[in-house]
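Here is the structure we will look at.
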């Protein structure tokens, strides 16, 4: 059973709102996690920054390599 055109239009209007809600929740979790991590001390913060940097570089390299093969 396919949804009615009115239901599709309503979902299309609500879709950006859900993206905004998800973005706000992710940002809030990121702020709380960063605050808790900063309270643990500089040595753990340094380790997390190194891991995060390596993950960013890895994802970027993977994206570039996969784009070249497509």
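Relative to the dominant Cα principal axis of the chain, helix 42-69 is inclined by about 50°. Taking label points 7 Å from Cα along the Cα-to-Cβ direction, residue 45 and residue 68 give a separation of 3.7 nm.
If the elastic network links every pair of Cα atoms under 10 Å, which of 27, 54, 38 fluctuates the most in the Gaussian network model of the chain? Residue with maximal mean-square fluctuation among 27, 54, 38: 54.
Of the options [x] 32, 27, 6; [y] 37, 23, 7; [z] 61, 18, 11, only one is semi-axes √(5λ) of the Cα gyration tensor in Å as computed from these coordinates, and that is [y].
A helix-only calculation puts the chain at -33000 deg cm²/dmol for mean residue ellipticity at 222 nm, using -39500 (n - 2.57) for each DSSP H run of at least four residues, averaged over all residues.
Using Cβ contacts closer than 10 Å as the measure, can you line up 46, 68 from fewest to most?
Least crowded to most crowded, the residues run 68, 46.
As a proxy for reagent exposure, 48, 61 were ordered by neighbouring Cβ count within 10 angstrom, fewest first; the result is 61, 48. For the chain, the longest principal axis of the alpha carbon atoms and the long axis of helix 5-40 meet at an angle near 10°.
Bear in mind these aren't lab numbers, they're just calculated from the coordinates by the rules spelled out. Because the structure is predicted, anything quoted here is derived from the model rather than measured. Note: ideal-geometry Cβ built from the backbone for every residue, glycine included; neighbour counts use all protein chains shown.
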